[in-house]
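Here the structure is laid out as structure tokens; the discussion comes afterwards.
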Amino acid sequence: MKSFAYMLPRLLGSLLRRPFTVKYPFAPAEVPPAYRGELLFDAEACVGCGLCVRDCPAFALELVEVAENRYQLVFHRGRCAFCGQCQESCPPEAIVLSTAFELATADKGSLTGPAAQSSAGPK
Ligand code: SF4
Ligand code: SF4
């Protein structure tokens, strides 16, 4: 056990220092640029090759042809491991994992649906 004389200056010092903890959720969290969060899909750039579906280790993606040469990506968020393999595999870079991380929900059914659209446009 440390002596009181040892602890006192440290206790007083900690009263004067700012806390090391972040203010989230009372203030926006700072997310590293390389963070792998919500998947964004650019339907304009997608060529329908299916490599993302083939390479996803979690079976979290389905590709649906909605019109001639037009594709929609169905995303099973509840299965996704946010590994980034789909982004790596996509030749035209039609998939990007964004820094959005607040994906929790009490509605399990809402975890499956069309992937959020990226507004990035064709690469
Ligand atoms: S991030 Fe990984 S687990 Fe999630 S959809 Fe892409 S390949 Fe599948
Ligand atoms: S890998 Fe890219 S281009 Fe190919 S189907 Fe998936 S999203 Fe579309």
query: Which one of these is in a strand (DSSP E or B) and away from ligand 1 (no atom under 12 Å from the Cβ): 65, 93?
result: 65
- prompt: Under 9 Å by Cβ, and 6 or more places apart or on different chains, what pairs join a residue from segment 20-31 that is closer than 11 Å to residue 99 by Cβ with one that is aromatic (Phe, Trp, Tyr)?
  reply: 29/101; 30/24; 31/101
query: If you check residue 29 against the conditions, is it at pLDDT 95 or above, outside any strand (DSSP E or B), of a type in the set (A, V, I, L, M, F, W, C) and touching a Lys or Arg at 6+ places or on another chain (Cβ under 9 Å)?
result: no
- line: Restricted to segment 68-90 and to residues being away from ligand 1 (no atom under 13 Å from the Cβ) and surrounded by 13 or more Cβ atoms within 10 Å (Cβ to Cβ), the residue farthest from residue 39 (Cα to Cα) is 71
task: Any chance you could count how many residues in segment 92-121 are closer than 16 Å to residue 72 by Cα and in contact with a helix residue (DSSP H, G or I) (Cβ under 7 Å, 6 or more places away or on another chain)?
output: 2
Some residue of segment 101-122 being assigned to a loop (DSSP other than H, G, I, E, B), closer than 24 Å to residue 24 by Cβ and touching a Gly at 6+ places or on another chain (Cβ under 6 Å): yes
- prompt: In the list 48, 78, which residue meets the criterion of being assigned to a loop (DSSP other than H, G, I, E, B) and within 26 Å of residue 25 (Cα to Cα)?
  reply: 78
message: Given the condition in contact with a Cys (Cβ under 9 Å, 6 or more places away or on another chain), away from ligand 2 (no atom under 11 Å from the Cβ) and in contact (Cβ under 8 Å) with a residue 60 or more places away in the chain, answer yes or no: does some residue in segment 66-83 qualify?
response: no
- prompt: What's the number of the condition residue 59 fails, among (1) at positive phi; (2) outside any loop (DSSP other than H, G, I, E, B)?
  reply: (2)
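Would you be able to say whether some residue in segment 47-54 is more than 10 Å from ligand 2 (Cβ to nearest atom) and either in contact (Cβ under 8 Å) with a residue 60 or more places away in the chain or surrounded by 10 or more Cβ atoms within 10 Å (Cβ to Cβ) (or both)?
No, there is no match, as no residue in segment 47-54 is more than 10 Å from ligand 2 (Cβ to nearest atom) and either in contact (Cβ under 8 Å) with a residue 60 or more places away in the chain or surrounded by 10 or more Cβ atoms within 10 Å (Cβ to Cβ) (or both).
The values are calculated or read from the model by the stated rules, or taken from the named source; none is laboratory data. The structure presented is a predicted model; accordingly, all values stated were derived computationally and were not measured. Glycine also receives a Cβ, built like all others from the backbone with ideal geometry; neighbour counts cover every protein chain displayed.
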